[in-house]
Amino acid sequence: MLDLELQPYQEWEPVGVADPRAATPAQFIDGFKKICAAEAPIIEDRLYALYARAADLGRVYGPVHARFERALDEARRSKELTISIDEFGAHVENVVALPGEPPIVVRTRGSRSLHEIPGPEIAEVMLAIRIEHDLISKEELFHMVLGAYGLKRLTKASNDRLTDVLSTWIA
C-alpha cells in the first residue's frame, strides 16, 4: 500500500461572480483569488471553468477566454496571483496559486479529472510509489497512481498524460 498521505482536496464553494462577458479585471481577479484560496495550486483551465460555472456561463472560448487570460495576466503583473508554467510532453500548463503558497500540494482528486491535476502533483505521487516499489512496471505504476486518485480505468489520454509526467519528472 502507498505510504503517502494525500491531503484532502478542498472544493471551492461557488459564490456569485461577475459575468465574464462584462467583468472588469478587478472583478475577475477577486473571483480568481476566492477560487485559489480553496483550490490552489490549480490549472488555469479549471480556474476559468469554475469561474464560468459560478457565473452560469457554459464553455469558455473565443473573446470570453481572451478576457479571462487578460485578467489573469493582470493578476500576475500586480502580484495578486502567481503562475508557474509546467511543460511536459505535449502539455503546457499554467498553474495558478496565491503568493506565498506552496507550488505543489499533494491532494486527493476531489472533483478534478486526472487532466485537471497539475503535472508536478501527479509526479510527487509517482515518485512516492517508485520509492516504495522500485521494481514496479510502468503499467503497474500508472494503475497505482490512478488508484491513489480513486480512479480505475487507464484510458489512452490518461496513459499519455502519465507517460509525459513520468518522462519529465521521474524517469
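The order of R46, R70, R76 by accessible area, most exposed first and with a 1.4 Å probe, is R70, R76, R46. About its Cα centre, the dipole of region 1-154 is roughly 500 debye, where the only charges are +1 on Lys and Arg Cβ and -1 on Asp and Glu Cβ.
Annotation for region 43-89: chymotrypsin sites (Phe, Trp or Tyr not before Pro) lying in DSSP loop with at most 16 further Cβ atoms inside 10 Å of their Cβ are Y61. For the options A90, A49, A38, a Gaussian network treatment of the chain with springs between C-alpha atoms closer than 10 Å singles out A90 as fluctuating the most. Which one of G89, V125, I35 has its Cα pushed farthest toward the positive end of the charge dipole of region 27-162, where Lys and Arg give +1 and Asp and Glu give -1 at the Cβ? Result: I35. When the surface is traced with a 1.4 Å probe over the full set of protein chains, I35 keeps roughly 0 Å² accessible. Using all pairs of distinct alpha-carbon atoms, the Kirkwood hydrodynamic radius of the chain works out to 16.9 angstrom. At an R0 of 35 angstrom, the distance between the Cβ atoms of A18 and E132 translates into a FRET efficiency of 0.15.
Taking the 1.4 Å solvent-accessible surface of region 44-107 as the whole, the part contributed by carbon and sulfur is 50%.
Each helix, a run of at least 4 DSSP H residues, gives -39500 (n - 2.57); summed and divided by the residues of the chain, these come to -14000 deg cm²/dmol at 222 nm. Work from the charge dipole of the chain (Cβ charges, +1 for Lys and Arg, -1 for Asp and Glu, about the Cα centre) and give the residue of P14, L114, Y149 farthest towards its positive end. Looking along the dipole axis, the top candidate is P14.
Taking the Cα centroid of region 30-55 and of region 106-148, what is the distance between the two, rounded to the nearest whole Å? Rounded to whole Å, the Cα centres lie 23 Å apart. Amide H contacts for Y9 (H built 1.01 Å from N in the peptide plane; partners 5 or more residues away or on another chain; cut-off under 5 Å): T108, G110. Global dimensions of region 69-125 from alpha-carbon coordinates: Rg and Dmax equal 12.2, 33 Å.
The accessible-area ordering, largest first, of the residues D86, D134 stands as D134, D86, per a 1.4 angstrom probe. Only lysine pairs 8 or more places apart or on separate chains count here, and in the chain those with Cα atoms under 26 Å apart total 4.
Here the gap between L57 and H91, fully extended at 0.36 nm per residue and compared with their Cα-Cα distance, gives a gain of 9.7 nm.
Measuring r between the beta carbons of Q27 and D160 and using R0 = 30 Å, the FRET efficiency lands at 0.25.
The values are calculated or read from the model by the stated rules, or taken from the named source; none is laboratory data. Small disclaimer: the values here were computed from a predicted structure and weren't measured. FYI the Cβ positions are ideal-geometry reconstructions off the backbone, even for glycines, and counts take in every protein chain you see. Surface areas here come from the heavy atoms of the whole protein model, side chains and all, with no ligands, DNA or RNA. Shrake-Rupley method; radii C 1.70, N 1.55, O 1.52, S 1.80 Å.
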